[in-house]
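The block underneath contains the structure these notes are about, expressed in structure tokens.
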Amino acid sequence: VALRASTRRWDEAALVAVLLAGSVPFWEGVAQGSDHLPLACSLVWAACALRPRAAPIDPRVAVLAGAAVGVLATSRAVFAFVPALAAAGTWWRDRGAALLFGATGTAIVVALHAAFIVRSGWDDYDAIQQLLVKSDEDLGAAGVLVVVGGVVLATMLVLRELRRRQAARVHVLLLAAVAPPMSAIGVAGLLTADDPSGWSAVNYFLDAIVLAAYWFAGSVLEASAP
């Protein structure tokens, strides 16, 4: 629905739906009720809301989309950067929308995290613990190196896309920022898993799966356009 609304066409939305409908990891995440998938969907919503268009982005769209993405970005503490990064990709095209989206999303992320920490205390704050100390608990020394490599790769890809300025693509920025480090956690988790059934870190591949389908569908349609 978000894709259809942002593009006014069905082909891209339909191709994304077909890709996800044929994805075993996607359906496994749905069956598990994985909280990684809503975050993955919110990345697509951000890209749709901030997609290049002839007229300036409606301020109400920027605020509502920023609020939705900000709420879902609290699923993991390390996703706090998502609203600001999405806004950065829009800055050279529409500074007003970028400010509204980034400020709204970031304010909600900060407010919700602060409220969670006040309520539960730092030691019991699971959303912080899950990734910020995961390396100490689950990944081991080799796993830490893999994750560091993923973060370095993500940083290089993000900076490369931001250099495009007005031509920067929000969906590529978010995919570059999220997919390498989260996938690295999945790979690193395999190094310490006793058997396939114990490979819990495989869920971190889901964080970018919807956005990856969006990127792939757009690339295919662009390449096949007359």
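Taking label points 7 Å from Cα along the Cα-to-Cβ direction, ALA31 and ALA223 give a separation of 3.1 nm. Taking Cα centre as origin and charging only the Cβ of basic (Lys, Arg, +1) and acidic (Asp, Glu, -1) residues, the dipole magnitude of the chain rounds to 1360 debye.
What's the whole-number percent of alpha carbon pairs in the chain lying beyond 25 angstrom?
42
Extending 7 Å from Cα along the Cβ direction at ASP58 and again at VAL24 yields two label points whose distance is 4.2 nm.
When the scattering of region 1-87 is computed by the Debye formula from its Cα atoms alone, each counted once and equally, what is log10 I(q)/I(0) at q = 0.17 Å⁻¹? Those come out to -0.80, one per q.
Read-outs throughout are calculated quantities, based only on the coordinates presented, and are distinct from any laboratory measurement. Given the structure is predicted, the values throughout are model-derived calculations rather than measurements. When we count neighbours, we look across all protein chains shown, and the Cβ atoms used for this are built from the backbone with ideal geometry, even at glycine.
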